[in-house]
Amino acid sequence: MEHETKEHNVDDTINSAVDAAKKADEAVRETAQKYLDGTGLKLDLRQLEKSIRDKPLHAFAIASAVGFVFGGGMATRPGWAMLALFGRKAARETTNNLISGVRRATSR
């Protein structure tokens, strides 16, 4: 009987902690959304979170690039070399996407 009571207390404590974490998460999300709305940015945090979960490698690459640029990595020679390398690749992919989009639009 005492063993069941201890298990019940542990379960109650865990459930209470989970509920508190969910409430805190929601409060942080609501506060951040209010700040974003106040700045005029049209950004839905829930959609952003979903995008990050769906494509974590893309999100990591974007965050790394932004951190590199704002962290001062562009002020170095290796930074410029990486920009040239990835910039050419991005320009090539963008051009290919644009051309394929135009072809699809004209074939309809």
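Using helices alone, I'd like the mean residue ellipticity at 222 nm for the chain: each DSSP H run of four-plus residues gives -39500 (n - 2.57), total over residue count, nearest 500.
-30500 deg cm²/dmol
Each label point is 7 Å from the Cα along the Cα-to-Cβ direction; what then is the distance between the points at residue 15 and residue 90, in nm?
Result for the modelled spin labels: 5.0 nm.
For Kirkwood radius over Cα pairs in Å, one of [x] 14.4; [y] 16.9; [z] 19.1 was computed from the structure I shared and the rest are decoys. Which label?
[z]
Which of the peptides 27-34, 10-17 is most tightly packed, and how do the rest follow, judged by the mean count of other Cβ atoms within 10 Å per residue?
27-34, 10-17
Got a sec to turn the phi values of segment 38-50 into Karplus ³J(HN,Hα) couplings, 6.51 cos²θ - 1.76 cosθ + 1.60 with θ = phi - 60°, whole Hz, x for Gly and Pro?
Couplings: x, 7, x, 6, 8, 10, 8, 4, 5, 5, 4, 4, 5 Hz.
Every read-out reported here was derived from the displayed coordinates using simple, explicitly stated rules and does not represent laboratory data. Computed from a predicted structure; not experimentally measured. Note that we place each Cβ from the backbone using ideal geometry, even for glycine, and neighbour counts take in every protein chain shown.
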